[in-house]
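A short worksheet on the structure shown next.
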Amino acid sequence: MDLMLPDYLIREQAAVGALVVFGILRVITAAVARARGWRILVVEQAFIGVAVLWCAPQLFEWLWHPASTNALAELEGNATGCAIALFFAPILSHRLGYE
């Protein structure tokens, strides 16, 4: 059972996972922020920081083991998923009336 997943599958799984987590959390946090009167800019900056922390383990693994293609694929997937979610979640939150 030494079968390895291809890089593109690792990348896609990481991207979808980050997209779902950050997309859903960003919309829920926007609703809470509106109810409590928080500034949306603070929420956006906090989610950018959380996205960096989300990608940090794969970044450090890739820096310590530069030949690791799995770490690079997972880092690319996480970064892509976070970027897509943090771009489109404010649009969805605005459409729902939270921003």
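Surface listing: L53, L63 arranged by accessible area from highest to lowest gives L53, L63, probe 1.4 Å.
A simple rule links phi to the HN-Hα coupling: the Karplus curve 6.51 cos²θ - 1.76 cosθ + 1.60 with θ = phi - 60°, which for segment 37-52 gives x, 6, 6, 5, 4, 5, 5, 4, 5, 5, 6, 5, x, 5, 5, 5 Hz, with x for Gly and Pro. Between A31, A14, A89, the GNM of the chain built on Cα springs shorter than 10 angstrom shows A31 fluctuating the most.
With the cut-off at 17 Å, report for the chain the share of all Cα pairs above it, as a whole percent.
Result for the distance tail: 54 percent.
Selection among T69, P6, G17 by position relative to the dipole of the chain gives G17 as farthest towards the positive end (Cβ unit charges, Cα centre). A simple charge model with +1 on the Cβ of Lys and Arg, -1 on the Cβ of Asp and Glu and nothing else charged puts the dipole of the chain at about 680 debye relative to its Cα centre.
Test of understanding: in a Gaussian network model of the chain with alpha carbons linked when under 10 Å, which of R11, R36, R26 would top the mean-square fluctuation ranking? With Cα springs under 10 Å in the chain, the top fluctuation among R11, R36, R26 is at R36.
Just checking the listed ones, A71, A35, A83: in the Gaussian network model of the chain with Cα springs under 10 Å, the one fluctuating most is A35.
The values are calculated or read from the model by the stated rules, or taken from the named source; none is laboratory data. These numbers were taken from a predicted model, which means no experiment stands behind them. Reconstructed Cβ throughout: ideal geometry from the backbone, glycine too, with neighbour counts over all protein chains shown. The area values use the complete protein model at the heavy-atom level, side chains included, leaving out ligands, DNA and RNA. Shrake-Rupley method; radii C 1.70, N 1.55, O 1.52, S 1.80 Å.
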